[in-house]
There are 2 protein chains.
Amino acid sequence: MKSASGHPSATIAGTPSLSSMFDLVNDEMALVEDWLKSNLIDDNAFVEELLKQIFCAGGKRIRPLIVLLSSKATAREVGKLSRLHIILAVLTELIHTASLVHDDVIDKASMRRGQETINKKWNDRIAVLMGDLLFAQASICLARIMNPVVVGIYGQVLGDLCSGEIKQMRQQFNTTVDWNAYIDKSVSKTASLFGAGSHSGAILNGCSNDVIQSLKEYGLNLGICFQIVDDLLDITGSTIETGKAVGSDLRNGVVTAPAMFVLEKNNEASARLKNLIDSRDIQTDEGAEEALQLIRDNGGVESTVALAQKYANDSIASLSLLKDSSYKTALAQLAEYVMTRTT
Amino acid sequence: MKSASGHPSATIAGTPSLSSMFDLVNDEMALVEDWLKSNLIDDNAFVEELLKQIFCAGGKRIRPLIVLLSSKATAREVGKLSRLHIILAVLTELIHTASLVHDDVIDKASMRRGQETINKKWNDRIAVLMGDLLFAQASICLARIMNPVVVGIYGQVLGDLCSGEIKQMRQQFNTTVDWNAYIDKSVSKTASLFGAGSHSGAILNGCSNDVIQSLKEYGLNLGICFQIVDDLLDITGSTIETGKAVGSDLRNGVVTAPAMFVLEKNNEASARLKNLIDSRDIQTDEGAEEALQLIRDNGGVESTVALAQKYANDSIASLSLLKDSSYKTALAQLAEYVMTRTT
C-alpha cells in the first residue's frame with residue numbers, strides 16, 4: 001500500500017508510518033522533488049541525464065523531511081513555510097547525495113538504492129565530478145538562503161563529512177574500543193547534517209536560542225541513532241534491505257558498535273574477534289561469518305539496539321520545549337521510525 | 001635571483017617581473033600563506049600533514065595575487081585591505097587547489113608542482129576526500145565573507161569548474177572545430193575563477209557597477225588567455241616547465257586551440273591530423289609526435305599565440321576605468337607576464 005506521497009504505509013499497528021509524516025509536508029516535498037529533478041541548472045544534456053538518474057533513483061528523503069517538519073513546527077504561523085525553507089530542504093538532500101556519490105567511489109560500491117552507482121555505470125572520473133557538481137549546487141542553494149549563520153552551519157557540515165570519512169579510513173582494523181571516537185565519527189559522518197537540517201529552519205524562523213538549541217540536539221541525537229542503526233544493519237540486515245552484503249563494513253575493517261560491545265568484554269569471544277580483525281581473516285568468507293556469529297552470540301546486537309534507543313530517547317526528549325503540533329509529534333515519531341529499522 | 005617574496009625576479013629587461021607584482025602585496029600574501037599552511041582547522045594529525053604537503057608544495061599563487069591587487073586598486077583608501085579581502089584570496093586559492101587535487105584523480109596524474117600527487121602518494125580515496133575537504137574549507141571561508149553577492153559568484157564558479165571538466169571529457173577525440181564551445185569550456189575550467197577573484201574585492205569595497213564589471217571582464221579575459229597559454233604549453237612546453245609530458249593532453253584526445261587552428265584549414269594537414277585523432281593513433285608515441293609536428297608546421301602555435309594575445313589585450317583594455325595606481329599597473333603587467341609563458 002502506498003500513500004499519495006509514494007511512501008509505504010505502515011502495516012503493523014502501533015508502528016509509526018513514514019507516510020503519515022510525509023503527508024504533513026506533501027506540498028512542500030513536491031516542490032523539493034521538482035527542484036531536485038528539474039531545477040538543477042545545467043546546460044549539458046549528458047549532465048542533466050546523470051542528475052535525473054541520481055535523483056529519480058529514489059532515496060527516503062528523511063533529511064528534507066526533518067527540515068520541513070522542524071521548520072513547520074517552529075514557523076511564526078505554525079505550518080507556514082517560505083521559499084527559503086524549501087531551499088534548505090533541497091540543500092540538505094543535495095549534500096547527502098553528493099557525499100553518497102563520492103562514498104561510492106571511495107568504497108568502490110557498485111549498487112546503491114537498487115541501481116548501479118555512477119562509478120560502476122560510468123567511471124570514477126564522472127562520479128568525482130558529479131559529486132563535486134552536487135556539492136557546488138548545494139553551495140549555490142546556500143548562497144540563496146543569504147543567512148550567514150546558516151551558511152556557517154552548513155560549511156561546518158561539509159568539513160565534518162570529509163573528516164568523518166578520513167577518521168573512519170584511518171581507524172580501519174583498529175580493535176581499540178574508544179566510544180568517544182566512535183560517537184565523534186558518527187557525528188561527523190551523519191549526525192552533523194541531521195543537526196544542521198533540524199535547527200536551521202528555526203533560525204530562519206527567528207526562534208529563540210533555546211528552541212534553536214533544542215532542535216539542534218534533536219537532530220544530532222537522531223543522527224547518531226541513525227548511524228548506530230546503520231552500523232547494526234551491517235550485522236543483522238538483509239542485502240535486499242541495505243543494498244549491500246551483510247557484514248561488508250566489518251569485512252572492510254570498519255569496527256562499529258556491535259563489534260565494539262564484544263571487543264570490550266575481555267573474554268574468550270573478544271580475544272577471538274580481535275584476532276580475526278588483527279589477522280585480516282575477517283576479510284575472508286569464513287572469517288566474516290565467524291565474526292558475525294561471535295557478535296550475535298555475545299550480545300553485540302542487543303547492546304547496540306539499547307545504545308541506539310538511548311539516542312532516540314534523547315532526541316525525543318529534546319523536543320519538550322516545542323509547542324505541541326502535529327509536526328512536533330511527527331518529529332518524535334521519526335525517531336521511533338528510525339528504531340523500527342532494527343527489528 | 002629571488003626577491004623577498006620568494007618569486008624569481010625578471011632577468012630579461014622589459015619582461016614584467018612576477019616578483020615586482022608580489023612585492024606590492026607582500027604583507028597580505030604572507031597572511032594568505034599563513035592561513036593556507038596553518039589556519040586550516042582540522043583536529044586530525046594525518047589530515048593536517050596532508051594539508052601541509054599540499055600547500056607547502058608551492059604553486060604560483062597567481063589567483064590570490066589577482067584578488068589582492070584588484071582589491072587594493074579599488075579600495076576606498078587605495079592599498080588598504082580588510083580581513084575579508086585576505087579571506088577572499090585564501091578562498092580563491094582553496095578552490096583552485098581543491099580542483100587540482102580532484103583533477104589529478106580524474107587524470108590519474110602522478111606528479112604536480114614537482115611532487116607526487118596525493119592520489120599517487122596515497123590513493124584515490126584520500127585524494128577525493130582531501131579535495132572535498134578543501135572545497136568545504138572554501139565554503140567556510142565564503143561563509144565568513146558574509147556577502148550574498150560574493151557567495152553567489154563563487155557558487156557559480158564551483159558549478160562551472162565541474163561542468164567545464166565534464167564538457168572536456170565529453171568532447172574528447174572530437175575533431176569538430178567549435179570555437180564557441182572551446183572558449184566556453186575555457187571560461188568554465190579556468191576563467192570563471194579568475195573573474196570571481198578579480199571583481200569580488202571591488203564588490204566588498206562598495207565600488208560602482210561599472211568598475212566592478214570592468215574588473216570582471218579583466219579576470220575573465222585574463223583567465224581565457226591563461227587557459228589558451230596552458231593549452232599551447234602542452235604543444236610547445238618542456239616537461240620541466242609544465243610538470244607533464246609534452247602533448248599529454250593531445251594524447252588524451254583533448255583537442256585545443258593549437259590543433260583546432262590546423263583542423264579548420266581543410267587541407268592535407270588538417271585531414272591527416274583529423275585521421276590521427278579519429279583513429280586514436282594520437283595515443284601512440286609516433287602518432288603524438290606526428291600530430292605535434294603537424295601543428296608546429298602549420299601555424300598552430302603562431303595562431304594560438306595571437307589568440308592568447310587578443311585576450312591579454314582585452315584584459316588590459318578592461319582596466320581603463322580604474323584610477324591609476326601601482327596596483328592597476330601590476331594588473332596590466334600580469335597579463336603581459338602570462339603571455340611571456342609562451343616564449
**Asked** Would you call A:K72 surrounded by 24 or more Cβ atoms within 10 Å (Cβ to Cβ) and farther than 20 Å from A:F135 by Cα?
**Response** yes
**Message:** Just to be sure before I move on: is A:A202 more than 7 Å from chain B (Cβ to nearest Cβ) and either under 20 Å from the mean Cα position of the chain (by Cα) or under 18 Å from B:L134 (Cβ atoms) (or both) in the structure I sent?
**Reply:** no
**Complete:** Among (1) at positive phi; (2) facing chain A (nearest Cβ under 9 Å); (3) not basic (K, R), B:G114 falls short only on (2)
**Item:** The one condition in (1) aromatic (F, W, Y); (2) more than 9 Å from chain B (Cβ to nearest Cβ); (3) buried (at least 24 other Cβ atoms within 10 Å of the Cβ) that A:W122 fails to fulfil
**Value:** (3)
**Request:** Could you check, for the range B:45-57, whether at least one of its residues is surrounded by fewer than 20 Cβ atoms within 10 Å (Cβ to Cβ), in contact with a strand residue (DSSP E or B) (Cβ under 8 Å, 6 or more places away or on another chain) and modelled with pLDDT under 85?
**Result:** yes
**Prompt:** Does B:S19 meet the test of being modelled with pLDDT of 90 or more and touching a strand residue (DSSP E or B) at 6+ places or on another chain (Cβ under 9 Å)?
**Reply:** yes
**Asked** Taking the range A:156-167, which residues are within 8 Å of chain B (Cβ to nearest Cβ) and touching a residue at least 12 places away in the same chain (Cβ under 8 Å)?
**Response** A:Q156, A:L158, A:L161, A:S163, A:E165, A:K167
**Asked** So how many residues does the range A:60-103 have that are part of a helix (DSSP H, G or I) and under 26 Å from A:W122 (Cβ atoms)?
**Response** 15
**Message:** Exactly one condition in (1) at pLDDT 95 or above; (2) more than 30 Å from B:S20 (Cβ to Cβ) is false for B:L334; which is it?
**Reply:** (2)
**Item:** Failed condition for A:D107, given (1) of a type in the set (D, E); (2) out of contact with any helix residue (DSSP H, G or I) (no Cβ under 8 Å at 6 or more places or on another chain); (3) more than 9 Å from chain B (Cβ to nearest Cβ)
**Value:** (3)
**Item:** The one condition in (1) out of contact with any Leu (no Cβ under 6 Å at 6 or more places or on another chain); (2) surrounded by 20 or more Cβ atoms within 10 Å (Cβ to Cβ); (3) part of a helix (DSSP H, G or I) that A:A291 fails to fulfil
**Value:** (1)
**Item:** First in the range B:52-68 and at positive phi, second anywhere and of a type in the set (D, E, K, R) and in a loop (DSSP other than H, G, I, E, B), Cβ under 8 Å, 6 or more apart
**Value:** B:G58/B:R113; B:G59/B:R113
**Prompt:** Only one of these conditions is not met by B:D210: (1) charged (D, E, K, R); (2) under 30 Å from B:V90 (Cβ atoms); (3) surrounded by 17 or more Cβ atoms within 10 Å (Cβ to Cβ). Which number is it?
**Reply:** (3)
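Yes/no matrix, rows are residues, columns are (1) modelled with pLDDT under 95; (2) closer than 29 Å to B:P258 by Cα:
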position: B:D210; (1), (2): no, no
position: B:E217; (1), (2): no, yes
position: B:C225; (1), (2): no, yes
position: B:D234; (1), (2): yes, yes
position: B:G237; (1), (2): yes, yes
position: B:T242; (1), (2): yes, yes
**Message:** Considering only residues that are surrounded by 15 or more Cβ atoms within 10 Å (Cβ to Cβ) and more than 30 Å from B:L331 (Cα to Cα), which ones fall in the range B:75-114?
**Reply:** B:V105, B:I106, B:D107, B:A109
**Request:** Mind listing whichever residues of the range A:308-343 are in contact (Cβ under 8 Å) with a residue 40 or more places away in the chain and not in a helix (DSSP H, G or I)?
**Result:** A:L322, A:K323, A:S325, A:R341, A:T342
**Request:** Enumerate the pairs (first residue in the range A:168-179 and more than 14 Å from chain B (Cβ to nearest Cβ); second residue anywhere and of a type in the set (A, V, I, L, M)) with beta-carbon separation below 6 Å, excluding pairs fewer than 6 apart on the same chain, so at least 6 apart or on different chains.
**Result:** A:F173/A:I277; A:T175/A:L263; A:T175/A:I277; A:V177/A:M260; A:V177/A:L263
**Message:** Taking the condition of being surrounded by fewer than 17 Cβ atoms within 10 Å (Cβ to Cβ), in contact with a helix residue (DSSP H, G or I) (Cβ under 8 Å, 6 or more places away or on another chain) and of a type outside the set (K, R), how many residues in the range B:322-343 meet it?
**Reply:** 1
**Fill in**
Within the range A:132-155, restricting to residues that are more than 7 Å from chain B (Cβ to nearest Cβ) and under 20 Å from A:V187 (Cβ atoms), the one that is farthest from the chain's Cα centre (by Cα) is A:V149
**Request:** Collect the residues in the range A:165-187 that are buried (at least 23 other Cβ atoms within 10 Å of the Cβ) and small (G, A, S), keeping them in residue-number order.
**Result:** A:S186
**Asked** For A:A196, are the conditions met, namely being closer than 30 Å to A:A259 by Cα, surrounded by 23 or more Cβ atoms within 10 Å (Cβ to Cβ), more than 14 Å from chain B (Cβ to nearest Cβ) and modelled with pLDDT of 85 or more?
**Response** no
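The values are calculated or read from the model by the stated rules, or taken from the named source; none is laboratory data. Predicted model only: the values in this text are computed from it and were never measured. So basically every Cβ, Gly included, is an ideal-geometry build from the backbone, and we count neighbours across all protein chains shown.
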